[in-house]
Amino acid sequence: MGIYSLITGRRGPSGFGSASTAEEVTQGIDATHLTAIITGGTGGIGMETARVMAKRGAHVVIGARNMGAAENAKTEILRQNANARVTLLHLDLSSFKSIKAFVRDFHALHRPLNILINNAGVMFCPYQLSEDGIELQFATNHIGHFLLTNLLLDTMKNTAKTSGVEGRILNLSSIAHIYTYQEGIQFNSINDICSYSDKKAYGQSKLANILHANELSRQLQEEGVNITVNSVHPGLILTNLFQHTAILMRFLKFFSFYLWKNIPQGAATTCYVALHPSLKEVTGKYFADCNEVTPSKLARDETLAQKLWDFSVKLINSVSKKNYLGFEDTS
C-alpha cells in the first residue's frame, strides 16, 4: 500500500484504502447477531469503532478505565442511534485485579462473545511501573490484553461452536512496531529504567501485539477452532494517545498533513477486519488501510512469538502467585 497509496487514498485489493471510513467499509453488513467487546472505546478511534459496530447492530461492550468518559461516549452513541446496544464495564488493563473483575462482570451478563477488539493503549509514557510491577506500556498494551484475551477465550470458543459463527480477535498494533529495541522484546530487562526509551518501549509493546496475534492464531488453527486472530495498524491519527508528546505531534502533523487520517478513517481498518465477510477464515495477518500488508521481519518471527507467549504466561504467573490462565508452568 505504501506512501503513494496513503497520500492519494488509492484503493487496494480489498476495494478500500486510506481514505475509506469505518461506515463505508461496513456498509450493508448486518451485525445484529454479534456481541463485541472493545477495550478503550471511550474516545478517538475506539469510540468510532464502537459507534459504527453498534450502528451495524452489534451489542457493543465497552471496557473503559474512565467510566465518566464511557458514559459520555454511550450518551453520544445513543444520541446518534437510539437503538444502539451499548454496555459499559470498568476495565484498567494495567491491573490484573481489574482485568479479572471485568471478565467476571462480562460473564455475569450471560452473553455470547463473537468479537474481541483489543484497542486500548498508552503511548510514549515516562518510565513507570503498573500496580503489578510491570513497565506501564508493556503492561497495558500487551500483557493486559494477553491476559484479557486468554480469560475470555473459552467463552469465544463456546460461542463459535454453538453458533457456528466465526469468532474474530483483533489486536491494534502500529507501524511503530518497527521502531523497537534491537532484540525486539527485552525479555531480560522489561523493567530496566536505565535502558528505557519511551518510543522504543511503545514500539516493543506494538511488536508484542502482532506476535501475540500470530501465535494465538497458530494455536487456534492447530486446535481447529473457528476463531481468527489478526492485527491492524489504524494509521496516524492525532488522538489522546499523544498526550505525552502533544506539541511535538502537532508540529510533525503540520509538516506531514498528507500522512494523517481523521478518526472515521482511522477506525476503518479495525471495523473492516472485525466485520467484513471477505475476511472469513483469514487469520494471522497484519492489515493497514483495510488491506493485508507485510509487517517487520521481527513481527514475522515464529520463534520470537512463541518465546513471547511463554514469557507472558510466566510473567503473569510470577506476579499473581497463581495460574490465572489455566496453563501449567513446565519450566
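For this structure, a couple of remarks:
- Derived scalar couplings ³J(HN,Hα) [the stretch 88-105; Karplus, 6.51 cos²θ - 1.76 cosθ + 1.60; whole Hz; x for Gly, Pro]: 10, 9, 6, 7, 10, 6, 8, 10, 4, 4, 5, 4, 4, 5, 4, 4, 4, 5
- Debye, to nearest 20: dipole size of the stretch 1-91, +1 on Lys, Arg Cβ, -1 on Asp, Glu Cβ: 20
- A full extension of the chain between ASN81 and ARG111 corresponds to an added length of 8.6 nm, given 0.36 nm per residue minus the alpha carbon distance.
- The modelled label-to-label distance for the pair GLN182/THR32, using points 7 Å beyond Cα in the direction of Cβ, is 5.9 nm.
- Between GLY17, GLY133, GLY284, the GNM of the chain built on Cα springs shorter than 10 angstrom shows GLY133 fluctuating the most.
- For VAL273, the shell of other residues with beta-carbons less than 15 Å away shows a net charge of -2, using +1 for Lys and Arg and -1 for Asp and Glu.
- Seen from HIS90, the other residues with C-beta closer than 14 Å to its C-beta sum to a net charge of +2, counting Lys and Arg as +1 and Asp and Glu as -1.
- Which of TYR179, TYR127 is most accessible, then next, and so on - probe 1.4 Å: TYR179, TYR127
- Relative packing of peptides 29-38, 166-175, 44-53 - highest average C-beta neighbours within 10 Å first: 44-53, 166-175, 29-38
- Beyond 25 Å in Cα-Cα separation lie the following of the pairs LYS55/LYS200; LYS100/LYS261; LYS100/LYS314: LYS55/LYS200; LYS100/LYS261.
- Sorting the segments 150-161, 199-210, 292-303, 268-279 by their residues' average number of neighbouring beta-carbon atoms within 10 angstrom, most packed first, yields 199-210, 268-279, 150-161, 292-303.
- Remark: relative contact order (the stretch 3-323) = 21 percent; criterion is Cα-Cα distance under 8 angstrom and separation of 6 or more residues.
- Beta bridges per DSSP with both ends in the chain, % antiparallel, nearest 5: 15
- Taking only the Cα atoms of the stretch 107-161, the ratio Rg/Rh comes out at 1.10, with Rh defined as the Kirkwood radius.
- Gaussian network model of the chain, Cα within-10 Å springs - most flexible of ASN141, ASN66, ASN230: ASN66
- Max mean-square fluctuation residue, GNM over the chain, Cα-Cα springs under 10 Å, options ILE185, ILE115, ILE193: ILE193
- Charge tally in the Cβ shell below 9 Å around ALA176, where Lys, Arg are +1 and Asp, Glu are -1, ALA176 excluded: +2
- When the inverse distances between all different Cα atoms of the stretch 3-323 are averaged and flipped, the Kirkwood radius reads 19.6 angstrom.
The values are calculated or read from the model by the stated rules, or taken from the named source; none is laboratory data. Model, not experiment: these values are computed from the prediction. Cβ: placed from backbone, ideal geometry, glycine included. Neighbour counts: every protein chain shown. Just so you know, the surface numbers come from the protein's heavy atoms only, side chains and all, with ligands and any DNA or RNA stripped out. Shrake-Rupley method; radii C 1.70, N 1.55, O 1.52, S 1.80 Å.
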